[in-house]
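Report on the structure given below.
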Amino acid sequence: MAHAPGFATIQCVEIISDDLFQELIDQAFDSLPKMHRDRVQNVAILFADEPTPEQLYEFELRHDQTLLGLYQGIPLSRRQGQVSFYPDRITLFKLPLLSQAHDVPSLREAIRHTLWHEIAHYYGLNHDQIRDLE
C-alpha cells in the first residue's frame, strides 16, 4: 500500500508527520476567501496532538467526546475598537482530526472545515450561527 510523503501506517491508522500536518493547515488557510483571511490579524494558528484534560473539562466533554479545534481569545465582535490584546489562538487537534479522516483528501477537508469553524468564532459567531452558515 503506497502512502503520501509524511505518512506511516501503524495498525491501519494513518499517522502524519507534523511538517505535513502544518502544511495542510497552511493550505487550508490559503484556501479560505481572501476577504476573510485578510481580516485575521494577531492570531496564532497552532496544532497539538490532543486537547488537554483541562480543555476537555472546561467544555464538559464526556470521555467519548473530543475537540477538533479551539479558538481562545477575544472575538472581533467584542473588542469595541480596541486593538491592544494578546494574540488570539486557534489550535487544531491532530489526533482527533486524523481519527475522522480516512484518506488525505478527507483529512484536508476536515482541517479546512475545523479551521473555518474556529475563525468564525474569532469573528464572533456562536455555534448556532456557524451551523446556520454550514
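What is the calculated FRET efficiency for residue 48 to residue 126, with r their C-beta to C-beta distance and R₀ = 35 Å, to the nearest 0.05?
With R0 = 35 Å, the Cβ-Cβ based efficiency is 0.90.
Kindly work out what percent of the DSSP beta bridges joining two residues of region 17-133 are antiparallel, to the nearest 5.
40
Tell me the relative contact order for region 17-133 as a rounded percent, counting alpha carbon contacts under 8 Å between residues six or more apart.
Values: 124 pairs, mean separation 38.9, N = 117.
Result for region 17-133 is 33 percent.
Return the distance in nm (one decimal) between the two label points of a simple spin-label model at residue 103 and residue 74, each offset 7 Å from Cα along Cα→Cβ.
Result for the modelled spin labels: 4.6 nm.
So what's the net charge close to residue 73: Lys and Arg +1, Asp and Glu -1, counting the other residues with Cβ under 15 Å from its Cβ?
On the way: positive: 39, 78, 79, 89; negative: 58, 88, 118.
Spelling it out: positives minus negatives among the neighbours equals +1.
Could you put 57, 71, 122 in order, starting from the residue whose Cβ has the fewest other Cβ atoms within 10 Å?
Starting with the residue having the fewest Cβ neighbours, the order is 57, 71, 122.
All of the numbers you see were taken from the coordinates with simple rules; none came from a lab. Just so you know, these numbers come straight off a predicted model, no measurement behind them. Here the Cβ is made from the backbone with ideal geometry for all residues, glycine too, and neighbour counts use every protein chain on show.
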